[in-house]
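Let me begin by presenting the structure, written as structure tokens, before commenting on it.
The values are calculated or read from the model by the stated rules, or taken from the named source; none is laboratory data. These figures come from a predicted structure and were not determined experimentally. Note: ideal-geometry Cβ built from the backbone for every residue, glycine included; neighbour counts use all protein chains shown. Remember, those area values only see protein heavy atoms, side chains included, never the ligands or the DNA or RNA. Shrake-Rupley method; radii C 1.70, N 1.55, O 1.52, S 1.80 Å.
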Amino acid sequence: MKIEPQRLKAFLLDAELLDAKSLEAAEKKAEKSGEDLAEVLIKEGKITEDDFARLAAYILGIPFVDLEHEKISDEALRMIPEPIARTHNIVAYKKSGNNLEVAMLDPENLETIDFIKKTSNLKILPRLTTKSSIKHVLSQYRRSLEAEFGDIIKKEARDVLVTTPVEEGKGEVGTEDLKKVAEDLPIVRIVDTLLRHAIVERASDIHIEPQEKEVVVRYRVDGILREAMLLPKQVAPGIIARIKVLSNLKLDEHRLPQDGRFKIETPEEKISFRVSILPVGEGEKAALRLLVENSKSFTLETLGFFGESLERLHRAIKKPVGMVLATGPTGSGKTTTLYTVLDILNVPEVNISTIEDPIEYRMPRVNQTQVKPEIGFSFATGLRSLVRQDPDIIMVGEIRDNETASLAINAALTGHLVLSTLHTNSAAGALPRLLDMKVEPFLIASTVTAIVGQRLVRRLCKSRKPFKLSKNELKELSREVDLERILKFLKEYKLIKADEDWSSINFYKPEPTSECPDGYQERIGIHEVLAMTESVKQLIMANATSDDIEKRAKEEGMMTMLEDGIAKAVQGITTIEEVLRVTRE
């Protein structure tokens, strides 16, 4: 939406929103940068987006509407499909008779207005609004979809009870019967709805678990597993059969676990589902991992690295040889960290090869290989072949055994940069783990350059409540961590003022809103980066324990995961409860 600069200037002066001197300075900046005058004024905080939207509505003669606190009816909301609403920043908020009132950021977008007019067969009345109003209304699509999905599931489940040949007491169901069930329209709709609902909820995993009398569907959202819905027991064989068909798995195999994969595309993104089917007492359980293939690229900073930890990791990955390890439990973001490092290193001058199980994200110009244990193609055999492919950088999905560890170490010794993951609880714990895998101490000391330990914590939404820890709470916390040491880090990184102490430092609590139902949204990493210094090498050579190695690393300035988490809690990124939840072993 563009307004002539002279016209905007005249109105701003008339409304006394700005003085002539400020306007003149903003005009010169706009001329120099090639931006609109309005963009410069908003960026510099001279005028708010809300004030500008109201002013623009007045200048253009279009009614202004504020929807920030409005609950839109489902009937009005569904007049514009969510992908169109999100892409074009336009929402329907009121339908009366043959008229549909729509709020938008750019009332000159006549193409979208015309499209909505044709699809709805109504007279469109455009209104101007703010970005925050659009965001508030878009968040209501989720609640509307949840209600819609719940109704569909209940209706289709009732139909299945009538049409499905799978009933108790009839013994094993044949392959042909299962094929029919998997293609049964109600079953297809239930599975399709479960998948769409999981995408809307931003779930990372779906668990479909048959119980004695029902089927429990649970979603993992931001690391927390929640019950999504209950379905009648009779639909279980059909749902599992449908997932097997999508994943190209054996329909008649009920005794052995099976793994598969399939993809679906939405208007916004391409999602890959990694499927695991496991026999349980009440039938078969399905666990589906959702992987967004065309997700935005991360940077180490957006993953949560900062300060000395970030510098240490950058120094390690810039070396042409050596090994960088990411450690932590399953689901702690290790692979995402390694992919982010690969993205940084992925330039035309280097050859990057990976051996993974599974390939989670596709990367351009990277040769990615999937292990296949069923035909004897393991990490070890794949790594042997990779070394002969003239790579500069190798990523090994996981070091699981002695053979893979030995080959990875040898690859690092023979002039390659090797990235890999290990399942240990801390960065220091990776070194004794490698010793357990029969890797010689001198080889570890000469090849490993940095080890990252990490966990994921939930991010707080913008609406959050500040509070201060009481003396008792500080005393309790001091039993787990050295508060004076953290205070030193906070001052060093200028996260607090030099004269502040724990009695004046704010922490934050979640404050649920309609956009953010539990006060949290998405996750961020808390990290520790152990650099391989001379003193740490000497400890490894002396077969020191992980506690001794961690103690030495801390003396040399390493910030532990717990300390990094508390620093993020002070910044209002997460809560102290989240940090303690993921770091307590």
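Go through (1) open to solvent by less than 20 Å² (accessible area, probe 1.4 Å); (2) outside any helix (DSSP H, G or I) one by one and return the number of the condition L490 breaks. L490 satisfies all of (1) open to solvent by less than 20 Å² (accessible area, probe 1.4 Å); (2) outside any helix (DSSP H, G or I) except (2).
Among the residues here, G572 qualifies as part of a loop (DSSP other than H, G, I, E, B) and either touching a strand residue (DSSP E or B) at 6+ places or on another chain (Cβ under 6 Å) or closer than 24 Å to P466 by Cβ (or both). Residue check: D547 meets all listed conditions (1) under 23 Å from G304 (Cβ atoms); (2) in a helix (DSSP H, G or I); (3) touching a residue at least 60 places away in the same chain (Cβ under 8 Å) but one, namely (1). Does V280 count as modelled with pLDDT under 95, of a type in the set (A, V, I, L, M), more than 20 Å from the chain's Cα centre (by Cα) and more than 30 Å from P237 (Cα to Cα)? It is false that V280 is modelled with pLDDT under 95, of a type in the set (A, V, I, L, M), more than 20 Å from the chain's Cα centre (by Cα) and more than 30 Å from P237 (Cα to Cα). The residues on offer are A92, A26, A76, and the sole one that is open to solvent by less than 80 Å² (accessible area, probe 1.4 Å), free of Cβ contacts under 8 Å to residues at least 60 places away in the same chain and over 29 Å from T513 (Cα atoms) is A26. Scanning region 199-235 for residues that are surrounded by 17 or more Cβ atoms within 10 Å (Cβ to Cβ), over 16 Å from A286 (Cβ atoms) and among the acidic types (D, E) yields a total of 2.
Among the residues making up region 184-235, a single one is out of contact with any strand residue (DSSP E or B) (no Cβ under 7 Å at 6 or more places or on another chain) and among the hydroxyl-bearing types (S, T, Y): T193. Can you say whether L435 is assigned to a helix (DSSP H, G or I), surrounded by fewer than 18 Cβ atoms within 10 Å (Cβ to Cβ), in contact with a Pro (Cβ under 9 Å, 6 or more places away or on another chain) and of a type outside the set (S, T, Y), as far as the supplied structure shows? Against the criterion (assigned to a helix (DSSP H, G or I), surrounded by fewer than 18 Cβ atoms within 10 Å (Cβ to Cβ), in contact with a Pro (Cβ under 9 Å, 6 or more places away or on another chain) and of a type outside the set (S, T, Y)), L435 qualifies. Here L407 meets the list (1) closer than 19 Å to E440 by Cα; (2) touching a strand residue (DSSP E or B) at 6+ places or on another chain (Cβ under 8 Å); (3) among the hydrophobic types (A, V, I, L, M, F, W, C); (4) not in a loop (DSSP other than H, G, I, E, B) almost entirely, failing just condition (2). The residues listed here are L443, L413, L417, L407; of these, the one that is closer than 24 Å to D547 by Cα and in contact with a helix residue (DSSP H, G or I) (Cβ under 8 Å, 6 or more places away or on another chain) is L443. Sub-6 Å Cβ pairs linking a first residue in region 328-343 that is of a type in the set (D, E, K, R) to a second residue that is surrounded by fewer than 19 Cβ atoms within 10 Å (Cβ to Cβ), at least 6 apart or interchain, are D343/S297, ordered by first then second residue.
Scanning region 381-404 for residues that are part of a loop (DSSP other than H, G, I, E, B) and open to solvent by 40 Å² or more (accessible area, probe 1.4 Å) turns up R388, Q389, D390, D392, R400, D401.
Filter region 96-111 down to the residues that are modelled with pLDDT of 85 or more and either surrounded by 17 or more Cβ atoms within 10 Å (Cβ to Cβ) or in contact with a Phe, Trp or Tyr (Cβ under 9 Å, 6 or more places away or on another chain) (or both) and list them by number. Once the filter is applied, which keeps residues that are modelled with pLDDT of 85 or more and either surrounded by 17 or more Cβ atoms within 10 Å (Cβ to Cβ) or in contact with a Phe, Trp or Tyr (Cβ under 9 Å, 6 or more places away or on another chain) (or both), region 96-111 yields L100, E101, V102, A103, M104, L105. Within region 452-464, residues that are among the small types (G, A, S) sit with their Cβ atoms under 9 Å from residues that are open to solvent by less than 20 Å² (accessible area, probe 1.4 Å) and part of a strand (DSSP E or B), at 6+ positions apart or across chains, in these pairs: G453/A326; G453/T327; G453/H527; G453/E528; G453/V529; G453/L530.
Scanning region 518-542 for residues that are open to solvent by 10 Å² or more (accessible area, probe 1.4 Å) and of a type in the set (D, E), we see that the one that is farthest from the chain's Cα centre (by Cα) is E534.
The numbered conditions (1) crowded, with 17+ Cβ neighbours inside 10 Å; (2) at positive phi are all true for G572 except (1). In region 419-431 there is at least one residue matching the filter, namely being open to solvent by less than 10 Å² (accessible area, probe 1.4 Å), farther than 21 Å from L342 by Cβ and outside any helix (DSSP H, G or I). Only one of the numbered conditions (1) closer than 30 Å to F298 by Cα; (2) in a loop (DSSP other than H, G, I, E, B); (3) touching a residue at least 60 places away in the same chain (Cβ under 8 Å) is not met by I505, and that is (1). The lone criterion from (1) of a type outside the set (S, T, Y); (2) closer than 18 Å to V529 by Cα; (3) in contact (Cβ under 8 Å) with a residue 12 or more places away in the chain left unmet by P320 is number (2). The residue that is farthest from A553 (Cα to Cα), among those in region 445-455 that are aliphatic (A, V, I, L, M) and buried (at least 22 other Cβ atoms within 10 Å of the Cβ), is V448.
Results for (1) within 30 Å of G322 (Cα to Cα); (2) open to solvent by less than 60 Å² (accessible area, probe 1.4 Å), shown as yes or no for each residue.
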| position | (1), (2) |
| --- | --- |
| L474 | no, yes |
| D482 | no, no |
| S546 | yes, yes |
| K551 | yes, no |
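Of all the listed residues (S420, S446), the sole one being polar (S, T, N, Q) and more than 27 Å from G525 (Cβ to Cβ) is S446.
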